[in-house]
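First the structure, in the form of structure tokens, and then the observations on it.
Each value in this text was obtained by applying a stated rule to the coordinates, not by laboratory testing. Bear in mind the structure is a predicted one, so any value in this text is a computation, not a measurement. Don't worry about glycine lacking a Cβ; one is built from the backbone with ideal geometry, like all the others, and counts go over all protein chains shown.
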């Protein structure tokens with residue numbers, strides 16, 4: 001299959017496929033005599049794996065590690081577990097930071113519940129006061 005078909009079947013942009021090839025996480029396909037890239041089912045499967053990992057917010061370096069580990073099926077899976085544990089910890093940290101941000105925004109929003117002129121807006125006054133304090 002050509003790159004356009006691979007892109008269509010995976011929901012991936014052509015430029016993203018080329019980027020993955022250049023970065024080495026997707027093997028470059030052989031070219032036909034006319035110069036077209038010729039992709040096979042292994043490319044499709046790997047690209048689907050990469051896309052699924054990306055949907056889980058796994059970075060390219062970690063995907064590369066997972067692919068390297070996947071290429072050694074008889075090896076132990078401790079590194080896979082450790083990688084996912086690190087990813088889970090990072091997500092938990094991000095969620096904590098987002099909850100803190102949410103709390104701050106809710107508190108800020110409560111400073112202006114009724115319609116006022118912008119001049120009397122409690123939100124804008126609070127933001128300006130914090131800038132002045134910094």
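Shown here: P(r) over Cα pairs in 5 Å bins from 0, in percent, derived from the displayed model; of the candidates [x] 2, 9, 17, 21, 19, 14, 9, 5, 3, 1, 0; [y] 2, 8, 13, 13, 10, 9, 8, 7, 7, 8, 7, 5, 2, 1, 0; [z] 2, 12, 23, 26, 20, 11, 5, 1, 0, it corresponds to [y].
Computed from Cα positions, the angle between helix 122-133 and the longest principal axis of the chain comes to roughly 80 degrees. With 0.36 nm allotted per residue and the present C-alpha distance subtracted, the residue 8-residue 128 stretch has 38.3 nm of extension available. Helical content of the chain, expressed as a calculated mean residue ellipticity at 222 nm, amounts to -21500 deg cm²/dmol (DSSP H runs of 4 or more residues, -39,500 (n - 2.57) each, divided by residue number, nearest 500).
Each label was represented as a point 7 Å from its Cα along the Cα-to-Cβ direction; for residue 31 and residue 90 these points are 3.5 nm apart.
Calculated FRET efficiency, residue 1 to residue 71, Cβ-Cβ distance, R0 = 30 Å: about 0.85 to the nearest 0.05.
Take the alpha-carbon centre of the stretch 43-60, take the same for the stretch 83-134, and report the distance between them in whole Å. One Cα centre to the other: 33 Å. Axis angle, to the nearest 10 degrees, between helix 78-109 and the longest C-alpha principal axis of the chain: 30 degrees. As a rough guide to protection, the peptides 21-33, 110-122 ranked by mean Cβ packing within 10 Å, highest first, stand as 21-33, 110-122. Placing R0 at 41 angstrom, the Cβ-Cβ distance between residue 109 and residue 42 gives a FRET efficiency of 0.20 after rounding to 0.05.
Peptides 87-94, 6-13: what's the order by average Cβ count within 10 Å, highest mean first?
Going from most to least packed, we get 6-13, 87-94.
At 7 Å along Cα-to-Cβ for each site, give me the label-to-label distance between residue 15 and residue 49 in nm. Once both label points are built, they end up 2.7 nm from each other.
For the chain, the longest principal axis of the C-alpha atoms and the axis of helix 41-55 are separated by about 10°.
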